[in-house]
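The structure under discussion appears below in the form of structure tokens.
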Amino acid sequence: MSSQPVSFEESVPDNLKGLVSDWSSDVQTFKVRWSKAMMWIFLVSDTFIFGSFLSAYMAVRLTTTEPWPNTSEVFALHVGGADIPLLLIAIMTFILISSSGTMAMAVTSGYKKQRVRTGVLILLTALGGVAFVGMQMFEWSKLIFEEGIRPWGNDFGADQFGGFFFMITGFHGLHVSIGVIYLTTIAVRVLQGRYDRLDDYQIVEVAGLYWHFVDLVWIFIFAFFYLW
Amino acid sequence: MYEGQALYHPKGWWGRYVFSQDHKVIALQYICVALAIGLTGMFLSLLMRMQLGFPGLFESIDAGNYYQDVTMHGMIMVIYLLTALFLGGFGNYLIPLMLGSRDMAFPFVNMLSFWVYFLSVIILVCSFFVESGPTGAGWTLYPPQSILPGTPGADGAGILLMLGSLAVFIIAFTMGGLNYITTVLQSRAKGMNMMRMPLIIWCLFLATFLGLLAFPALLVGAIMLIFDRVLETSFFMPEIFKGGEVLNYGGGSPVLFQHLFWFFGHPEVYIIALPAFGIISELISCHARKNIFGYNMMVWALIAIAGIAFIVWAHHMYVAGMNPYLGFFFATTTLIIAIPTAIKVYNWVITLWNANIRMTVPMLYCLAFLITFLIGGLTGLFLGNVAVDVPLSDTYFVVGHFHMVMAVSPVLALYGGLYHWYPSVTGRMLDDRLGKIHFWITFVGTYLIYFPMHYIGFLGVPRRYYSNEQYDFIPESVNDLNQFITVCALIVGAAQFILLYNFIVSAVRGKEAGSNPWGACTLEWQTLESPPGHGNWGDKLPVVYRWPYDYGLPGATDDFVPQNIPDEQIT
Ligand code: HEM
Ligand SMILES: [Cu+2]
């Protein structure tokens, strides 16, 4: 055992030292591309948008004068004579999470510079997004036309249910749709070989960040709307 | 400019001056549009003052369009003038130059940011020309009244244009803001570590962060309010009886809107105040020829302010009623935020101690800012306490307070900044004599306007009232004071044209400024050409060797050592 006194520098854990040196370095704080840094900052801001939506929803749900509709009844799917609660939404959630998986695979193969594989995986991810939005449209039309739920009212309980549901899932669906366009653009560029020429696939990871974020947000929406 | 890629070069006149991606041109575009709409905001305030000072003199001012004036004045000043001018204008101009980079991280997005901002201003202006006029709901836009018939602009497109314009503004701000943050974090000159950044860069950086986290709450509030108005959802709308009839609403929470609004609204005060702090820090050090006192403390105080700014918002809602424990919490945090703020004021004052103060126009503005901000801050401490706020809220005391702290103070800093950096933009100095005349009228005039407002607030004169004539509790003498305030306001308003004149004439006829007229250490004065050209730095990026406040360094030839001078060269 050494009896040398430990200097302050040495006593600081390595990861903390890394943090300090990152923040006190010149030129770049984070050793990442500008686009990636920018995407992270955007996502923090976007988190606050969804956070505000969901807090507003929770606040109103706790203070409405009428009781909140029974969600497992409203969202049930009628299959073969039985009402199965949460069936559709379970499938949608499964698809969206799987698309995050294919996105992660695309990022990995992007770093290995496998052009075709990366492009196809991104397209697959976008396809997952399209399926998700499609099923969401199905769910919306079922709620609107069969259950008669409107943004301004419904027969199941508090008026705000429809408003919040359509507003928040719609805002999320908008994110998914924008993501689909974004991913398709990236995929086309990958397949055209643009990033091979630049010798740089990092944009795939940046797009991946966005996609994982949209996926993560869905988990919260799912929990707050369907499970609560 | 993608890192490692060549700088974008504009093609033709349109590319260079209109759809320019150069941060300096974008900054100027922001400044011009913001000043133009700000002039409109000032004009509206003078209309209100005419009505308050000389009731009935203008028959065209009725209660309805008085409220519209109040609302549009408040919103224009806070959002479209000060936020846009500080971050879009000063932020765009100073961040790349002071950090020694060639441009913002994403110049194209930066250009879009300006044009989207321009669009939001157009939408705002459109609301003056729709049938029922702009919204008259007060700049806080509280539902239910903001969207119910009876409030000006509520049954027409006025309120919708206002909310839509805000949403568009937020998009513009986000595009610009992402750029500012990325540039500060990722694109500094060699040697420019975070603790060598000029304080104004810290301020702009943190203000942008506040904006990126606070504007989302306003966006959400605006979207929900649009839904309530257009789709008749009841997010914010309780059951309402009007003329004996039940409206189609029920079960919503009006207080929720207040929470969303002020979760944005309080940080917004600091989005305006922090850049003002930054400008003062730069100016005071440079024009007093002395290093800023306590740089590290200044940075940590800023970070503390930015953090605490998110947990004080409900001090605007005491009169809405809340759980006493909640009131206690928000009063406490409000008083706590005064500590880092006071640290900053002390540090500015100590910077002046024994300094070689030059009474230039920017220095005059610094001194005026210090006093004004101190006064506004002190009345803020009163209002932070629930028991004091409840009787004073919604009186002219509050109007006096917030104009001192978030209208006059930032505007003084803004003017100081404009006088200071004008030579960097145009290569010419502003006229000193006109500058001093403008300064004294503005400074003394604002005190004559806002001090009496505190007093009539104590007498109980309510805020946002079109006319004070029918109320017994308002003494006769208030009318005389109101007349006096109005006359002062007219003079101050007219004096702003001296500044405008000075701007235009000096651009052509001003004294040649040379490259570094104030003898400042920061990088924006050390460019190859002055005014700085496209790409800022010629072939070679600057290298930074020291912090930005090396004034009066012992042994140096000059009384200042710019940041890009190595130790070997200072003698
Ligand atoms: C020429 C200088 C100015 C004058 C004479 C002036 C005057 C006024 C007056 C008379 C009111 C109405 C008070 C009431 O009845 O509640 C008002 C409200 C307001 N002013 Fe100013 N003002 C000036 C500059 C500014 C500036 C630079 C700002 C920027 C922050 C500002 C922000 C506001 C706000 C936020 C309101 C509240 C609006 C509302 O109640 O909805 N003002 N001002
Ligand atoms: Cu506040």
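When residues of region A:59-110 are filtered for being without any contact (Cβ under 8 Å) to a residue 12 or more places away in the chain and within 14 Å of chain B (Cβ to nearest Cβ), how many remain? Within region A:59-110, residues that are without any contact (Cβ under 8 Å) to a residue 12 or more places away in the chain and within 14 Å of chain B (Cβ to nearest Cβ) number 3.
The single condition among (1) within 14 Å of another protein chain (Cβ to nearest Cβ); (2) modelled with pLDDT under 95; (3) under 16 Å from A:Phe222 (Cα atoms) that A:Trp140 does not meet is (1).
Just one of the listed residues (B:Ala276, B:Ala304, B:Ala314) is open to solvent by less than 10 Å² (accessible area, probe 1.4 Å) and at pLDDT 95 or above, namely B:Ala276. Of all positions in region B:275-283, none carries a residue that is within 14 Å of another protein chain (Cβ to nearest Cβ), within 28 Å of B:Ala355 (Cα to Cα) and away from ligand 2 (no atom under 16 Å from the Cβ). Among the numbered conditions (1) open to solvent by 20 Å² or more (accessible area, probe 1.4 Å); (2) polar (S, T, N, Q); (3) more than 12 Å from chain A (Cβ to nearest Cβ); (4) assigned to a helix (DSSP H, G or I), the only one that B:Ser132 does not meet is (4).
For region B:324-351, enumerate the residues that are under 11 Å from B:Ser285 (Cα atoms) and open to solvent by 30 Å² or more (accessible area, probe 1.4 Å). Selection gives B:Val349, B:Ile350. Tallying residues that are open to solvent by 60 Å² or more (accessible area, probe 1.4 Å) and closer than 22 Å to B:Cys126 by Cβ within region B:7-35 yields 1. Looking only at region B:190-199, residues that are among the hydrophobic types (A, V, I, L, M, F, W, C) and facing chain A (nearest Cβ under 7 Å) come to 3 in all.
Quick grid of which residues meet (1) open to solvent by 10 Å² or more (accessible area, probe 1.4 Å); (2) away from ligand 1 (no atom under 16 Å from the Cβ); (3) within 14 Å of another protein chain (Cβ to nearest Cβ); (4) of a type in the set (A, V, I, L, M):
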| position | (1), (2), (3), (4) |
| --- | --- |
| B:Ser285 | no, yes, no, no |
| B:Asn291 | yes, yes, no, no |
| B:Gly294 | yes, yes, no, no |
| B:Met298 | no, yes, no, yes |
| B:Val319 | yes, no, no, yes |
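Here the condition is being surrounded by fewer than 23 Cβ atoms within 10 Å (Cβ to Cβ), touching a residue at least 40 places away in the same chain (Cβ under 8 Å), of a type in the set (S, T, N, Q) and within 16 Å of ligand 1 (Cβ to nearest atom); of B:Thr360, B:Thr446, it holds for B:Thr446 alone. Please verify whether B:Leu212 is within 24 Å of B:Ala157 (Cα to Cα), facing chain A (nearest Cβ under 9 Å), under 21 Å from the mean Cα position of the chain (by Cα) and among the aliphatic types (A, V, I, L, M), treating the condition exactly as stated. No: the conditions fail for B:Leu212.
Taking region B:217-243 as the search range and keeping residues that are facing chain A (nearest Cβ under 10 Å) and without any contact (Cβ under 8 Å) to a residue 24 or more places away in the chain, which one is surrounded by the fewest Cβ atoms within 10 Å (Cβ to Cβ)? Step by step, filter region B:217-243, then rank; the result is B:Glu239. If B:Val246 satisfies every condition in (1) away from chain A (no Cβ under 12 Å); (2) touching a residue at least 24 places away in the same chain (Cβ under 8 Å); (3) surrounded by fewer than 23 Cβ atoms within 10 Å (Cβ to Cβ); (4) of a type in the set (Val, Ile, Thr) but one, which is the exception? Going through the list (1) away from chain A (no Cβ under 12 Å); (2) touching a residue at least 24 places away in the same chain (Cβ under 8 Å); (3) surrounded by fewer than 23 Cβ atoms within 10 Å (Cβ to Cβ); (4) of a type in the set (Val, Ile, Thr), B:Val246 breaks only (2). Going by the structure shown, is B:Ile147 away from ligand 1 (no atom under 13 Å from the Cβ), crowded, with 24+ Cβ neighbours inside 10 Å, more than 22 Å from the chain's Cα centre (by Cα) and more than 14 Å from chain A (Cβ to nearest Cβ)? Against the criterion (away from ligand 1 (no atom under 13 Å from the Cβ), crowded, with 24+ Cβ neighbours inside 10 Å, more than 22 Å from the chain's Cα centre (by Cα) and more than 14 Å from chain A (Cβ to nearest Cβ)), B:Ile147 does not qualify. Considering region A:44-58, the residues that are β-branched (Val, Ile, Thr) and within 8 Å of another protein chain (Cβ to nearest Cβ) include one that is farthest from B:Phe264 (Cα to Cα), namely A:Val44. Per the conditions (1) in a helix (DSSP H, G or I); (2) away from ligand 2 (no atom under 16 Å from the Cβ), the sole criterion not satisfied by B:Glu239 is (1).
Would region A:178-190 turn up any residue that is in a helix (DSSP H, G or I), more than 14 Å from A:Gly110 (Cα to Cα) and within 14 Å of chain B (Cβ to nearest Cβ)? Yes, the conditions are met somewhere in region A:178-190.
With respect to the conditions (1) touching a Ser or Thr at 6+ places or on another chain (Cβ under 6 Å); (2) under 27 Å from B:Ile181 (Cβ atoms); (3) away from ligand 2 (no atom under 16 Å from the Cβ), B:Ser253 lacks only one, and its number is (2). Considering only residues in region B:173-184 that are open to solvent by less than 10 Å² (accessible area, probe 1.4 Å) and within 9 Å of chain A (Cβ to nearest Cβ), the one that is nearest to the chain's Cα centre (by Cα) turns out to be B:Gly177. Here is a check on your reading of the model: is B:Ile95 within 16 Å of ligand 2 (Cβ to nearest atom), at pLDDT 95 or above and either within 14 Å of another protein chain (Cβ to nearest Cβ) or assigned to a helix (DSSP H, G or I) (or both)? Spelling it out, it is not the case that B:Ile95 is within 16 Å of ligand 2 (Cβ to nearest atom), at pLDDT 95 or above and either within 14 Å of another protein chain (Cβ to nearest Cβ) or assigned to a helix (DSSP H, G or I) (or both). On the stretch given as region A:118-169, residues that are assigned to a loop (DSSP other than H, G, I, E, B), without any contact (Cβ under 8 Å) to a residue 24 or more places away in the chain and surrounded by fewer than 21 Cβ atoms within 10 Å (Cβ to Cβ) total 3.
The rows are residues; the columns are (1) more than 12 Å from ligand 1 (Cβ to nearest atom); (2) surrounded by 24 or more Cβ atoms within 10 Å (Cβ to Cβ); (3) under 28 Å from B:Gln483 (Cα atoms).
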{"position": "B:Ala407", "(1), (2), (3)": "no, no, yes"}
{"position": "B:Val411", "(1), (2), (3)": "no, yes, yes"}
{"position": "B:His420", "(1), (2), (3)": "yes, yes, no"}
{"position": "B:Val425", "(1), (2), (3)": "yes, no, no"}
{"position": "B:Asp431", "(1), (2), (3)": "yes, no, no"}
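Residue-by-condition table, conditions (1) in contact with a helix residue (DSSP H, G or I) (Cβ under 9 Å, 6 or more places away or on another chain); (2) at pLDDT below 90:
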| site | (1), (2) |
| --- | --- |
| B:Asp472 | no, yes |
| B:Asn502 | yes, no |
| B:Gln526 | no, no |
| B:Tyr551 | yes, no |
| B:Thr571 | no, yes |
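The values are calculated or read from the model by the stated rules, or taken from the named source; none is laboratory data. What you are looking at is a predicted structure, and each value in this text was computed from that prediction instead of being measured. For neighbour counting, all protein chains shown are included, and Cβ atoms are generated from backbone atoms with ideal geometry for every residue, glycine included. Just so you know, the surface numbers come from the protein's heavy atoms only, side chains and all, with ligands and any DNA or RNA stripped out. Shrake-Rupley method; radii C 1.70, N 1.55, O 1.52, S 1.80 Å.
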